[in-house]
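See below for the structure under consideration.
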Amino acid sequence: MLTRYTLPICDHDGSLSVEQFSVNKIICIGRNYAEHAREMGHDPEREPPFFFFKPQSALAQNNTDFIYPHFSQQVEHELELVVAIGKSGEQISVADAADYVFGFAVGLDMTCRDRQREAKQMGRPWELGKGFDGSAPCTAIQRGSLTTLEQYGDLVLTRNGEEVQRGNWRTMVWSIPELITEVSRYIKLEAGDLIFTGTPAGVGQVTPGDALCASLEGFSQELTIVIAKKQS
Ligand code: MN
């Protein structure tokens, strides 16, 4: 039977809707914050952001355990603002991009850095490092527009109560309208798509037993994930 991947939908006050957001593609933006590009050894002046995909099976609900994959020794957190797409379109202009935004969420682009590095070195795709099961935990989708987004401050991630990552979505290399334009230049955006908009600097390793809490200042939803023991 075909699995239907969904996320809860909520309003600004956090109240849950009876409807669910039906998730389609998961699009992830790479190197969308200059400081993070530098921490990964790249020059943001010379290399623009780019995108890659995670399968729907990467999606994980809030308040669930993250299963540490057996094929990695170096799982890292990437804290990201997620844009939920509400209608389909191709070749979307920057001026029209706002019409395609359904709402927002806070997500983590969990990454097996060792497998990603190995793939880079071998010139292979990143799927094993980026698209594994449960690698995209995400809060409920809060309905909202680019105007409502203006109310929110920094993205903040704590690990066992200690702040490990902080960044402001206003400093993204590609703004939200620009990334909708850039992605839709090559592939159609469809209702239900999620765009993980890239991570600010401060990515770091997680270990079993860690509790992660990802938030966006002023936003109704917080993502809470516990790193469960490693798969055998
Ligand atoms: Mn990422």
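Of note:
- Subset of the range 108-132 [open to solvent by less than 20 Å² (accessible area, probe 1.4 Å), outside any loop (DSSP other than H, G, I, E, B) and of a type in the set (A, V, I, L, M)]: Leu108, Ala119
- Answer residue from the range 169-179, given it is outside any helix (DSSP H, G or I) and within 16 Å of the ligand (Cβ to nearest atom) and is most open to solvent (accessible area, probe 1.4 Å) among those: Val173
- Of the listed requirements (1) open to solvent by less than 10 Å² (accessible area, probe 1.4 Å); (2) assigned to a helix (DSSP H, G or I); (3) within 16 Å of the ligand (Cβ to nearest atom), Glu182 misses just one: (1).
- Among (1) under 25 Å from Phe21 (Cβ atoms); (2) surrounded by fewer than 16 Cβ atoms within 10 Å (Cβ to Cβ), the one test that Gln221 misses: (2)
- Options Gly209, Gly218, Gly198: the member that is assigned to a loop (DSSP other than H, G, I, E, B), in contact with a Pro (Cβ under 8 Å, 6 or more places away or on another chain) and not charged (D, E, K, R): Gly198
- The residues of the range 185-222 that are more than 15 Å from the ligand (Cβ to nearest atom), among the polar types (S, T, N, Q) and under 29 Å from Ala97 (Cα atoms), listed by number, are Ser215, Ser220, Gln221.
- Identity of the residue in the range 41-54, in contact (Cβ under 8 Å) with a residue 60 or more places away in the chain and under 24 Å from Leu128 (Cβ atoms), that ends up most open to solvent (accessible area, probe 1.4 Å): Phe53
- So Ser135, is it within 28 Å of Glu19 (Cβ to Cβ) and in contact with a Lys or Arg (Cβ under 7 Å, 6 or more places away or on another chain): yes
- Any hit, the range 190-210, residues being of a type in the set (S, T, N, Q) and open to solvent by 30 Å² or more (accessible area, probe 1.4 Å): yes
- Filtering Ala60, Ala105 for residues that are within 16 Å of the ligand (Cβ to nearest atom), open to solvent by 10 Å² or more (accessible area, probe 1.4 Å) and under 15 Å from the mean Cα position of the chain (by Cα) leaves a single hit, Ala60.
- Complete set of residues in the range 14-39 that are open to solvent by 50 Å² or more (accessible area, probe 1.4 Å) and within 16 Å of the ligand (Cβ to nearest atom): Glu35, Arg38, Glu39
- Hey, Tyr68 away from the ligand (no atom under 16 Å from the Cβ), touching a Gly at 6+ places or on another chain (Cβ under 8 Å) and among the hydroxyl-bearing types (Ser, Thr, Tyr) or not: no
- Test for Ile92: is it open to solvent by less than 20 Å² (accessible area, probe 1.4 Å) and either in contact with a helix residue (DSSP H, G or I) (Cβ under 9 Å, 6 or more places away or on another chain) or not in a strand (DSSP E or B) (or both): yes
- Sub-6 Å Cβ pairs linking a first residue in the range 159-185 that is within 14 Å of Leu149 (Cα to Cα) to a second residue that is assigned to a strand (DSSP E or B) and among the hydroxyl-bearing types (Ser, Thr, Tyr), at least 6 apart or interchain, number zero.
The values are calculated or read from the model by the stated rules, or taken from the named source; none is laboratory data. In this text, all values refer to a predicted model and were calculated from it rather than measured experimentally. Heads up, the Cβs are rebuilt from the backbone with ideal geometry, glycines too, and the neighbour counts pull from every protein chain shown. Note: accessible area is taken over every heavy atom of the protein model, side chains too, but ligands, DNA and RNA are not part of it. Shrake-Rupley method; radii C 1.70, N 1.55, O 1.52, S 1.80 Å.
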